[in-house]
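A quick write-up on the structure given underneath.
The values are calculated or read from the model by the stated rules, or taken from the named source; none is laboratory data. Here the structure is a predicted model, which means the values were calculated and not measured. Here the Cβ positions follow ideal geometry from the backbone for every residue, glycine too, while neighbour counts run over all protein chains shown. Heads up: the accessible areas ignore ligands, DNA and RNA and are worked out on the full protein's heavy atoms, side chains in. Shrake-Rupley method; radii C 1.70, N 1.55, O 1.52, S 1.80 Å.
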Amino acid sequence: MKDIDSVTETAIEFEGVIKRYGDAVAVNGLNLSIQRGELVTFLGPSGCGKTTSLRLIAGLELPSEGRLLIAGRDVSRDPASERNVGMVFQSYALFPHLSVLENVAYGPSIRGLKKAEAHDKARTILDQIGLGGLHQRLPSELSGGQQQRVAVARAIVQQPDVILFDEPLSNVDAKLRRRVRSEIRALQQEFGLTAVYVTHDQEEALAVSDRIVVMEKGQIAQVGTPEDLYERPASAFISSFIGDANLIAGRVQSSRFTGAGLDLPVSGNDGPASLSIRPERIALATGGTARIESATYLGSRMEYGVISGGMSLLVSRPIPETRLEPGAAVHLQIDPAGVIRLD
């Protein structure tokens, strides 16, 4: 279980790390501390530098400039073989001809542990993660979720300083992703693992992370807890990338924002302003100057496209509410707590 005192210790430290490929800069001046026992997710669009950052920790890439420390040791020039890092790959990379037990015991064995001791360690980990009855099965005889857990067990058994997850759910069926990501989070917390996770899936990042590092063009756009990023985005990019958001341009005068047919109380200086409003923070009442443009049934909720002040807004409402039809005149009721000024 997690040692509470260890959580305050720094496990990974990026100090002004830059990674270039020729003239292209993949990571540009990365400064970040990751604490022991923390699960931190790198999130961002394709080409933002998140996977390069993971590969720098793994030792699969070396920094062009700056320093990288793991467990207080400068590993900036150390190859992957000299770092105590475990990695769970997209493809799991299990040996198809070896049993589950042999797959998990492989790492300790090649590090010099006697076969019997390596197998004992592997059995202990497999029992702890709920695979105790599958020791002798081949990877091809397991479900995708079970293969994922074997890959995690293989990383855990080596007692790494940090375990890396590279898009670990990309090969898992969509219906299994929620369960598998919950299992990964539970294992990380149970074993007190320091974990770095890379994904392009915003919901996945929100579900598993202690903190999320959102990257844009090789730089950190914002770091924070899932709640921070969703409820208090620092920019229009963060607001629109983490979940859905209505980005509304307008003007503030005497602490009132006007734009897109709205008149809302806001704080801050007078002048041009941009607001972010989450779709679920907008309620609809019949009658008003706005109009329903589209209505989409999504099982647990309705999504409405609403035209207000010449602008199209997205509104999300729970199913029990009375369903509105396209063309209906509506009034927008906006939760003040959901209004975020971005400028």
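Considering only region 47-72, state which residues are over 14 Å from D166 (Cβ atoms), open to solvent by 50 Å² or more (accessible area, probe 1.4 Å) and not aliphatic (A, V, I, L, M).
G47, S64, E65, R67, G72
Does P272 count as open to solvent by 60 Å² or more (accessible area, probe 1.4 Å), of a type outside the set (G, A, S) and in contact with a Pro (Cβ under 8 Å, 6 or more places away or on another chain)? Before you say what the answer is, go through the steps one by one.
Working: open to solvent by 60 Å² or more (accessible area, probe 1.4 Å): yes; of a type outside the set (G, A, S): yes; in contact with a Pro (Cβ under 8 Å, 6 or more places away or on another chain): no.
For P272, the condition - open to solvent by 60 Å² or more (accessible area, probe 1.4 Å), of a type outside the set (G, A, S) and in contact with a Pro (Cβ under 8 Å, 6 or more places away or on another chain) - is not met.
For region 54-103, which residues satisfy the criterion of being touching a residue at least 12 places away in the same chain (Cβ under 8 Å), part of a strand (DSSP E or B) and at negative phi?
Result: E65, R67, L68, L69, I70, V85, G86, M87, V88.
Please specify each residue of region 230-258 satisfying the condition of being touching a helix residue (DSSP H, G or I) at 6+ places or on another chain (Cβ under 8 Å), open to solvent by less than 40 Å² (accessible area, probe 1.4 Å) and more than 25 Å from I18 (Cα to Cα). Walk me through it before giving the result.
So the first thing to find is which residues in region 230-258 are touching a helix residue (DSSP H, G or I) at 6+ places or on another chain (Cβ under 8 Å), and the list is 230, 233, 238, 241-247.
After this cut, where a residue has to be open to solvent by less than 40 Å² (accessible area, probe 1.4 Å) as well, the list is 233, 238, 241-243, 245-246.
Matches in region 230-258: P233, I242, G243, A245, N246.
Being among the hydroxyl-bearing types (S, T, Y), over 20 Å from S46 (Cα atoms) and under 18 Å from the mean Cα position of the chain (by Cα) narrows it down to one residue among S276, S267, S182; which is it? Walk me through it before giving the result.
Working: S276 fails: under 18 Å from the mean Cα position of the chain (by Cα); S267 fails: under 18 Å from the mean Cα position of the chain (by Cα).
None of the other options fit; the residue is S182.
So T322 fits all but one of (1) surrounded by fewer than 16 Cβ atoms within 10 Å (Cβ to Cβ); (2) in a strand (DSSP E or B); (3) free of Cβ contacts under 8 Å to residues at least 40 places away in the same chain; what number is the exception?
(2)
Per-residue answers, yes or no, for (1) open to solvent by 30 Å² or more (accessible area, probe 1.4 Å); (2) of a type outside the set (A, V, I, L, M, F, W, C); (3) under 22 Å from V196 (Cα atoms):
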site: F89; (1), (2), (3): yes, no, yes
site: L98; (1), (2), (3): yes, no, no
site: Y106; (1), (2), (3): yes, yes, no
site: G112; (1), (2), (3): yes, yes, no
site: K121; (1), (2), (3): yes, yes, no
site: P139; (1), (2), (3): no, yes, no
site: S143; (1), (2), (3): yes, yes, no
site: V157; (1), (2), (3): no, no, yes
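Is it the case, given these coordinates, that A186 is without any contact (Cβ under 8 Å) to a residue 24 or more places away in the chain and either open to solvent by 10 Å² or more (accessible area, probe 1.4 Å) or part of a helix (DSSP H, G or I) (or both)? Spell out the reasoning first.
Working: without any contact (Cβ under 8 Å) to a residue 24 or more places away in the chain: yes; either open to solvent by 10 Å² or more (accessible area, probe 1.4 Å) or part of a helix (DSSP H, G or I) (or both): yes.
Yes, satisfied.
Within the group I212, I248, which residue is in contact with a strand residue (DSSP E or B) (Cβ under 6 Å, 6 or more places away or on another chain), part of a strand (DSSP E or B), more than 30 Å from R323 (Cβ to Cβ) and modelled with pLDDT of 90 or more? Before you say what the answer is, go through the steps one by one.
Details: I248 fails: more than 30 Å from R323 (Cβ to Cβ).
Answer to the check: I212.
Evaluate region 162-183: report whether one residue or more is open to solvent by 10 Å² or more (accessible area, probe 1.4 Å), outside any loop (DSSP other than H, G, I, E, B), among the hydroxyl-bearing types (S, T, Y) and in contact (Cβ under 8 Å) with a residue 12 or more places away in the chain. Spell out the reasoning first.
Just the residues of region 162-183 that are open to solvent by 10 Å² or more (accessible area, probe 1.4 Å), to begin with: 166-167, 170-171, 173-179, 181-183.
Filter again for outside any loop (DSSP other than H, G, I, E, B), leaving 166, 174-179, 181-183.
Next, from what is left, pick out any that are among the hydroxyl-bearing types (S, T, Y): 182.
Right, trim to in contact (Cβ under 8 Å) with a residue 12 or more places away in the chain and you get 182.
Scanning region 162-183 turns up at least one residue that is open to solvent by 10 Å² or more (accessible area, probe 1.4 Å), outside any loop (DSSP other than H, G, I, E, B), among the hydroxyl-bearing types (S, T, Y) and in contact (Cβ under 8 Å) with a residue 12 or more places away in the chain.
Considering (1) assigned to a strand (DSSP E or B); (2) in the same structural domain as V40 (by TED's automatic domain parsing); (3) open to solvent by less than 20 Å² (accessible area, probe 1.4 Å); (4) not aliphatic (A, V, I, L, M), say which one Q222 fails and leave the rest.
It fails just one condition, (3).
Could you grab me the full set of residues in region 189-209 that are part of a loop (DSSP other than H, G, I, E, B) and more than 14 Å from the chain's Cα centre (by Cα)? First the steps, then the outcome.
The first filter runs over region 189-209 and keeps only residues part of a loop (DSSP other than H, G, I, E, B), leaving 192-194, 200-201, 209.
The answer is G192, L193, T194.
Can you give me the number of residues within region 284-343 that are in contact with a helix residue (DSSP H, G or I) (Cβ under 8 Å, 6 or more places away or on another chain) and at positive phi?
The qualifying residues number 0.
Those residues that are within 16 Å of P279 (Cα to Cα) and among the β-branched types (V, I, T), I need them from region 224-256; list them, please.
I238, I242, I248
Report the residue count in region 325-339 for those that are within 17 Å of D263 (Cβ to Cβ) and assigned to a strand (DSSP E or B).
Total satisfying the criteria: 6.
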